[in-house]
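Enquirer: Pasting a structure below so you can have a look.
The values are calculated or read from the model by the stated rules, or taken from the named source; none is laboratory data. As the structure is a prediction and not an experimental result, all values here were calculated from the model. We place every Cβ from the backbone using ideal geometry, glycine too, and count neighbours over all the protein chains shown. Calculation scope for accessible area: heavy atoms of the full protein, side chains included, ligands and nucleic acids excluded. Shrake-Rupley method; radii C 1.70, N 1.55, O 1.52, S 1.80 Å.
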Amino acid sequence: MSDFTPGQVHHHEPPYTVGVLIGSLATNSINRSLAKALIRVAPFEFEFVEIPIGNLPLYSYDYDANYPPEGQALKDAIAGVDSVLFVTPEYNRSIPGPLKNAIDWASRPWGTNSFARKPSAVIGTSPGAIGTAVAQQSLRSVLSFCDSPQMNFPEGYIQYKDGLFTAEGDITDAGTEQFLREFMQSYFQFVTRVLTVIPR
């Protein structure tokens with residue numbers, strides 16, 4: 001898949017739609033490139049739509065009584081997909097603020113948590129040797145509280161090196177391509193199992 005536009009669905013054969021949340025807002029985000037690479041090697045049974053998080057105000061419970069359109073749009077987008085894929089960098093040993101803010105919006109008001117029983121997977125890339133491992137553990141803790149069934153294995157801690165994948169999502173290293181392909185195949189199997197037990 002050579003293009004990845006926010007809000008644009010990439011049509012494959014059904015059955016499962018994946019909402020992609022990218023933790024970085026940077027224009028040249030390597031995690032956005034990783035997201036494109038994952039789409040390229042994903043099973044054809046998946047279709048993908050990015051769920052944008054950059055236009056949300058900072059969450060406060062003051063909004064709960066009258067949810068703003070940006071917050072409601074986020075909740076509606078998550079409700080409209082079968083599963084969620086988080087692709088995130090690591091900032092200061094945790095997830096970026098905009099991603100945490102988006103999760104807070106999506107999980108409120110109390111009793112309307114959009115992530116409940118929504119299967120999810122977590123992956124990320126960083127130039128550092130730990131490849132976003134600490135950020136992913138932080139995110140997993142948040143998702144556990146949000147009652148989102150998580151794919152626990154394989155874990156995807158990708159150490160980025162220049163040219164590992166292009167801005168369009170082409171993967172230049174055969175070993176990395178094989179791992180990402182297997183990661184997405186495992187994710188498809190996981191989503192299938194979860195949604196077999198918890199129907200859409």
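Enquirer: Against the definition (farther than 27 Å from residue 182 by Cβ and part of a loop (DSSP other than H, G, I, E, B)), how does residue 116 come out, yes or no?
Expert: yes
Enquirer: Restricting attention to the stretch 170-179, does a residue exist that is touching a Phe, Trp or Tyr at 6+ places or on another chain (Cβ under 6 Å), buried (at least 18 other Cβ atoms within 10 Å of the Cβ), without any contact (Cβ under 8 Å) to a residue 60 or more places away in the chain and farther than 14 Å from residue 18 by Cα?
Expert: no
Enquirer: What about residue 98, is it assigned to a loop (DSSP other than H, G, I, E, B) and either under 21 Å from residue 18 (Cα atoms) or open to solvent by 20 Å² or more (accessible area, probe 1.4 Å) (or both)?
Expert: So residue 98 fails the test.
Enquirer: In the list 166, 132, which residue meets the criterion of being at pLDDT below 90 and touching a Ser or Thr at 6+ places or on another chain (Cβ under 8 Å)?
Expert: 166
Enquirer: Could you figure out which of (1) open to solvent by 50 Å² or more (accessible area, probe 1.4 Å); (2) of a type outside the set (Asp, Glu); (3) within 17 Å of the chain's Cα centre (by Cα); (4) closer than 22 Å to residue 104 by Cβ isn't true of residue 58?
Expert: (3)
Enquirer: Could you tell me how many of the residues in the stretch 68-94 are assigned to a loop (DSSP other than H, G, I, E, B), open to solvent by 20 Å² or more (accessible area, probe 1.4 Å) and touching a helix residue (DSSP H, G or I) at 6+ places or on another chain (Cβ under 8 Å)?
Expert: The total comes to 3.
Enquirer: Please work out if residue 192 is within 23 Å of residue 136 (Cα to Cα) and open to solvent by less than 30 Å² (accessible area, probe 1.4 Å).
Expert: no
Enquirer: Sticking with this structure for a sec: Select from the stretch 101-113 the residues that are over 21 Å from residue 194 (Cα atoms) and in a loop (DSSP other than H, G, I, E, B) and write down the one among them that is most open to solvent (accessible area, probe 1.4 Å).
Expert: Step by step, filter the stretch 101-113, then rank; the result is 110.
Enquirer: Hydrophobic (A, V, I, L, M, F, W, C), assigned to a helix (DSSP H, G or I) and over 22 Å from residue 54 (Cβ atoms) - does that describe any residue in the stretch 134-143?
Expert: Looking for residues that are hydrophobic (A, V, I, L, M, F, W, C), assigned to a helix (DSSP H, G or I) and over 22 Å from residue 54 (Cβ atoms), one finds at least one in the stretch 134-143, hence yes.
Enquirer: Of a type in the set (Asp, Glu) and under 18 Å from residue 23 (Cα atoms): is that true of residue 104 in this structure?
Expert: So residue 104 passes the test.
Enquirer: Filter the stretch 144-200 down to residues that are assigned to a loop (DSSP other than H, G, I, E, B) and touching a Gly at 6+ places or on another chain (Cβ under 6 Å), then give me how many there are.
Expert: Result for the stretch 144-200: 1.
Enquirer: Within the stretch 139-158, can one find any residue that is closer than 19 Å to residue 81 by Cβ and of a type in the set (Asp, Glu)?
Expert: Yes, the stretch 139-158 contains a residue that is closer than 19 Å to residue 81 by Cβ and of a type in the set (Asp, Glu).
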